[in-house]
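Read the figures in this text as sums done on the coordinates, not as results from a lab. Keep in mind the model is a prediction, meaning the values are calculated, not measured. Positions of Cβ are generated from backbone atoms using ideal geometry, with glycine treated the same way; all protein chains shown enter the neighbour counts.
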Amino acid sequence: MKSITIGKLRGLQQCTSPLGTFTCLALDHRQNLRKANPIFVNDADLSRFKLEVTAALADLSTAVLLDPEFSAAQAIATGVISGKTAFVVAVESTGYGGTPTARQSQILPGWSVEKAKRMGASMIKLLVYYHPDSPTSAEIESFVRQVTGECARCDLGIMLEPLSYSLDANKILSSAEKRYIVAETARRLTPLGIDVLKAEFPMDVDDPDESSWADACAEITAASVTPWILLSAAVAFETFVRQITVACKAGASGIAVGRAVWQEAVGLDGQARLAFLRTTGRERLSRLIALCSELGKPVSDFYTAAAPFDWYKYY
């Protein structure tokens, strides 16, 4: 078990259930939402969608993952997110620089870890595009170290979301390639100062051999020195339920779920959207919470904090 600072432990406590598991509602999407519905090219409409989903579902989640451009400050200013609900703020620019086979990441210009701390975030999230064999892998590793250093200075927890990609622009990753990349990414990036790994499912969802799903998820658990949670990656809800069950039994600590819960609402508006979120959306999220609570590995298995009576002198 690793000893961490009081500030980081408090942030983790805020973002997890009383059992120590994550069921985070993910709403930090930007470009992919604009692509999904042309109306979201308008910033106000994009923000309104995010706030409507937050209003309908945030009270069920252990934390809400928001972006700094269209949802984090807006959710606070409008009262859509309550003072009792933890939130995690993304710090990266949407998309990537470089080439499709040698991707680069950056902090959103004008934004910072320190600003996220000042606005009251419980943690930050950093997304990077990473392939362990890419020409930019060392650059991405250095970037992660830089951001984790800033988080350490601010005593703010960091959730890292590495997304895999193919080194052949003409091919998508095979299931075996993805399995290697996701596990090796956990091995290389989790020791760099992160607190939670937000991992992709390590197999192609069309791979029918669910026994190999379990083995692949166990490889992430073995490789990661931090708790890891599963992202939904826009798979169908029932598919995500199967993935969560396998992942948590193999050692995952929960989920960060977005489109698997609310993706149908993207094409709706007005009362139809609200009705979907308040019925199907809440039913789905409640089901996922029950799964994570029952099967997830608590963060208390990973972290503790020392509090000697003179701790404040050195804090």
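Estimated from the Cβ-Cβ distance and a Förster radius of 45 angstrom, the FRET efficiency linking TYR314 and LYS249 is about 0.65. Considering the chain at the alpha-carbon level, its Rg and Dmax are found to be 18.5, 60 Å.
Give, to the nearest whole percent, the P(r) tail of segment 1-68 beyond 16 angstrom, counting all Cα pairs.
Of all Cα-Cα distances in segment 1-68, 57 percent exceed 16 Å.
Taking other residues whose beta carbon is less than 12 angstrom from the beta carbon of ALA55, and scoring Lys, Arg as +1 and Asp, Glu as -1, yields +3.
Derived scalar couplings between HN and Hα for segment 26-40 equal 9, 9, 8, 5, 10, 4, 5, 6, 4, 6, 6, 8, x, 5, 7 Hz in order, rounded to whole Hz, by the Karplus curve 6.51 cos²θ - 1.76 cosθ + 1.60 (θ = phi - 60°), x for Gly and Pro. Per-residue extension of 0.36 nm, minus the Cα-Cα distance of GLU114 and GLU238, leaves a gain of 40.8 nm for this segment.
With contributions of -39500 (n - 2.57) from each DSSP H run of at least four residues, the per-residue ellipticity at 222 nm computed over the chain stands at -12000 deg cm²/dmol. Each residue of segment 5-21 is assigned a 3J(HN,Hα), and the resulting list reads 6, 4, x, 5, 5, 4, x, 5, 4, 5, 8, 10, 6, x, 8, x, 10 Hz, derived from the Karplus form 6.51 cos²θ - 1.76 cosθ + 1.60 (θ = phi - 60°), x at Gly and Pro.
Segment ARG187..LYS35, full-extension length gain: 51.4 nm, with 0.36 nm per residue of separation and the alpha-carbon distance subtracted. Amide hydrogen proximity for LEU127: with H placed 1.01 Å from N in the peptide plane, the residues at 5 or more positions away or on another chain lying under 5 Å are VAL91, GLU92, GLU161. Near TYR165, the amide H atoms lying under 5 Å from its own belong to TYR130; only residues 5 or more places off or on other chains count, and H is placed 1.01 Å from N. Counting every C-alpha pair in segment 35-189, the share spaced more than 21 angstrom apart comes to 53%.
Over the chain, calculate the relative contact order: mean separation of alpha carbon pairs under 8 Å at least 6 apart, over the residue count, as a percent. That works out to 21 percent.
For segment 196-315, the relative contact order is 26 percent, taking Cα pairs closer than 8 Å that sit 6 or more residues apart in sequence and dividing their mean separation by the residue count. Taking the Cα centre of segment 1-76 as reference, the dipole from Cβ charges on Lys and Arg (+1) and Asp and Glu (-1) amounts to some 300 debye.
Each peptide among 287-293, 102-108 gets the average number of other Cβ atoms lying within 10 Å of its residues, and from highest to lowest they stand as 287-293, 102-108.
Find which of GLY281, VAL235, TYR315 sits farthest along the positive direction of the dipole of the chain, computed with +1 on the beta-carbon of Lys and Arg, -1 on that of Asp and Glu, about the Cα centre. Of GLY281, VAL235, TYR315, it is TYR315. In this rough spin-label picture, where each label sits 7 Å from Cα along the Cβ direction, the ASN170-GLN106 distance is 3.1 nm.
Annotation: lysines with alpha-carbon distance below 21 angstrom to LYS198 (same-chain offsets under eight excluded): LYS2, LYS8, LYS50, LYS117, LYS125, LYS178, LYS249, LYS297.
Magnitude of the charge dipole for segment 2-313, about its Cα centre and with charges confined to Cβ atoms of Lys, Arg (+1) and Asp, Glu (-1), is about 840 debye.
Karplus-based coupling profile of segment 176-182, in residue order and whole Hz: 5, 5, 5, 4, 4, 5, 5, with θ = phi - 60° in 6.51 cos²θ - 1.76 cosθ + 1.60 and x standing for Gly or Pro.
When the chain is described by a simple charge dipole with +1 on each Lys and Arg Cβ and -1 on each Asp and Glu Cβ, the residue from PRO162, ALA260, LEU19 located farthest towards its positive end is LEU19. The slack in the chain from GLU139 to ASP59, taken as 0.36 nm per residue of separation less the alpha-carbon distance, amounts to 25.0 nm.
Taking amide H atoms as placed 1.01 Å from N in the peptide plane, the amide H of TRP228 lies under 5 Å from those of LEU197, SER253, each 5 or more residues away in sequence or on another chain. Under the convention that each Lys and Arg Cβ holds +1 and each Asp and Glu Cβ holds -1, the size of the dipole of segment 126-189 around its Cα centre is about 140 debye.
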